[in-house]
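J.: Pasting a structure here, questions to come.
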Amino acid sequence: MDSPSPKQPSPEQHAAAIRAGDRRALARGLTLVENEGADGAALLAALGSVGSAHRVGITGPPGAGKSTLVSALVAAWRADSRDVGVLAVDPSSPFTGGALLGDRIRMLAHADDEGVFIRSLASRGAFGGLAAGVYDAADLLDAAGFDPVLIETVGVGQAEIEISRAADTTIVVLAPGSGDVVQGMKAGLLEIADVLVVNQSDREGADALVAALQSAVELRDAVAPPIVKTVATRGEGLAELRALVDGRAAAAAGELTARRLARARARIRAAVDRRRADAFWNAADGAQAQALSEAARGVADGSTSAAEAVARLLGGESA
Amino acid sequence: MNALDQRPIRILVAKAGLDGHDRGAKVVAAALRDAGFEVIYTGLRQTPEMIVAAALQEDVDAIGLSLHSGAHMTLFPRVLDLLKAAGADQVLLTGGGIIPDADMAKLGEMGVGRLFGPGTPLSDLVAYIRTEVAARREVGSA
């Protein structure tokens, strides 16, 4: 849109800098794709094909120890000098748009390690709870040579379903007392798990949770996911967890797995949906926004039904 | 106006140095979130190196440091130097705590932004950061 200033590199230069490992270029690039503007799209196009890094989603209810587990997993991979990228997604307030992104507090052990790149993303009201730019952000970390790329989301509501699409491996983290297993089943949390982790397993109730999970996952049609007990604060169980994830990465390497196909589909659909919705509501003359206000008044005072209002709005679109 | 100008302001809020008084920093972090900022809160006992490394990865517009240890004449200039060395001197460095007026003036001459003492209305802080970041984004994209 705006013509590039002399200070700004071309998308091709920017992409080359990211591939060459320039961390500032990566950080700036993440900002561009997070904003989903024309500059971000140009950068992604210049970057070309990516997708060799194993993407690991980590989700679960608040307080289960996700950030601490991520930090411990990072340490497990750093022991072999693997460069690890982390995307930590936290919700934006639907009212102010603000967000408090606090996941770095649990990851301070890696604060001055060049081989670890941590970026906090606010969900910015994205459908499904996952930050809209997270697919693109993962691509950038991938292109910069980070493998694996860990994506952490708070598991309340739909976010975990989205993450299972964005990730090659989804780890669901639970802790004794972090909500019973039936609730987990309701939310679909257990269905998306490739690996189940019972963290804080030195606490009372851990064995009961493992047993309950075992019987719950046996009911699934698909292959039951392995269950790993960890104490992330002490690094216990991390070697086993890492080995499981690496095993999945090796199995998936080089193949266009069903998972990646589904991810591409979901990503394209989400982008199309977003663009169509933007185009619809932000029509240049603002007519739709006004029509919405009028329709809302009609529905609120009972003179029209919501269904009629929808039909009228959509009728206007095709005209 | 391009997309970058409309994005929420991103700010890193941290406690530098060894004192453990993080209540003020938490109150400020929550207030900035409520003002629509994306606040990356990194907590206690951060070294200047950790703070700048995080600020660069997060590509923030501003850093807000809370300091009650008396080490402000060491820590603020150090953060500023590291930002400059990384070529990130467009990042606003601001903060607050128990800092004498004379020291605030000296730090200001070095290039540190406004510093806020106890009892500052949070709305002043929000307004200052908004204005200052808008100006710096303007320069950055000019």
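J.: Mind telling me which of the residues A:GLY60, A:GLY97, A:GLY115 ends up being at positive phi, over 17 Å from the mean Cα position of the chain (by Cα) and assigned by TED's automatic domain parsing to the domain that holds A:ASP147?
T.: Of the residues listed, the single one that is at positive phi, over 17 Å from the mean Cα position of the chain (by Cα) and assigned by TED's automatic domain parsing to the domain that holds A:ASP147 is A:GLY97.
J.: Among the listed residues A:ALA64, A:ALA99, A:ALA122, identify the single one that is open to solvent by less than 30 Å² (accessible area, probe 1.4 Å) and closer than 20 Å to B:LEU44 by Cα.
T.: Only one candidate qualifies: A:ALA99.
J.: Check A:ALA193, A:ALA222, A:ALA250 and return the single one that is open to solvent by 60 Å² or more (accessible area, probe 1.4 Å), in a loop (DSSP other than H, G, I, E, B) and small (Gly, Ala, Ser). Reasoning before the result, please.
T.: Details: A:ALA193 fails: open to solvent by 60 Å² or more (accessible area, probe 1.4 Å); A:ALA250 fails: in a loop (DSSP other than H, G, I, E, B).
Answer to the selection: A:ALA222.
J.: Could you check how many residues of segment A:133-159 are open to solvent by 20 Å² or more (accessible area, probe 1.4 Å) and modelled with pLDDT under 80?
T.: Total meeting the criteria: 4.
J.: Find the residue count for segment B:20-29, including only residues that are open to solvent by 10 Å² or more (accessible area, probe 1.4 Å) and either modelled with pLDDT of 95 or more or facing another protein chain (nearest Cβ under 7 Å) (or both).
T.: 0
J.: Output the residue which, of all residues in segment A:39-57 that are open to solvent by less than 40 Å² (accessible area, probe 1.4 Å) and under 17 Å from A:ILE151 (Cα atoms), is nearest to the chain's Cα centre (by Cα).
T.: That would be A:GLY57.
J.: Something else: Kindly indicate whether any position in segment B:59-76 is facing chain A (nearest Cβ under 9 Å) and assigned to a helix (DSSP H, G or I).
T.: Within segment B:59-76 (the criterion being facing chain A (nearest Cβ under 9 Å) and assigned to a helix (DSSP H, G or I)), the answer is no, since none of the residues qualifies.
J.: What's the total number of residues in segment A:22-38 that are at pLDDT 90 or above, open to solvent by less than 50 Å² (accessible area, probe 1.4 Å) and either at the interface with chain B (Cβ under 8 Å from one of its Cβ atoms) or touching a Lys or Arg at 6+ places or on another chain (Cβ under 8 Å) (or both)?
T.: Going through segment A:22-38 one residue at a time, the tally reaches 4.
J.: Does A:ALA232 fit the bill of being touching a Gly at 6+ places or on another chain (Cβ under 7 Å), in contact (Cβ under 8 Å) with a residue 40 or more places away in the chain and open to solvent by less than 60 Å² (accessible area, probe 1.4 Å)?
T.: Yes: the conditions hold for A:ALA232.
J.: Can A:SER178 be described as in a loop (DSSP other than H, G, I, E, B), hydroxyl-bearing (Ser, Thr, Tyr) and modelled with pLDDT under 80?
T.: Answer is yes for this residue.
J.: Same structure again: What do you reckon, is A:ALA45 at pLDDT 90 or above, among the aliphatic types (A, V, I, L, M) and either part of a helix (DSSP H, G or I) or within 30 Å of B:ARG33 (Cβ to Cβ) (or both)?
T.: Yes.
The values are calculated or read from the model by the stated rules, or taken from the named source; none is laboratory data. Note that the structure is a prediction, hence the values are computed from the model and not measured. Cβ: placed from backbone, ideal geometry, glycine included. Neighbour counts: every protein chain shown. Each accessible area value is taken on the protein alone, full model and side chains, heavy atoms only, with ligands, DNA and RNA left out. Shrake-Rupley method; radii C 1.70, N 1.55, O 1.52, S 1.80 Å.
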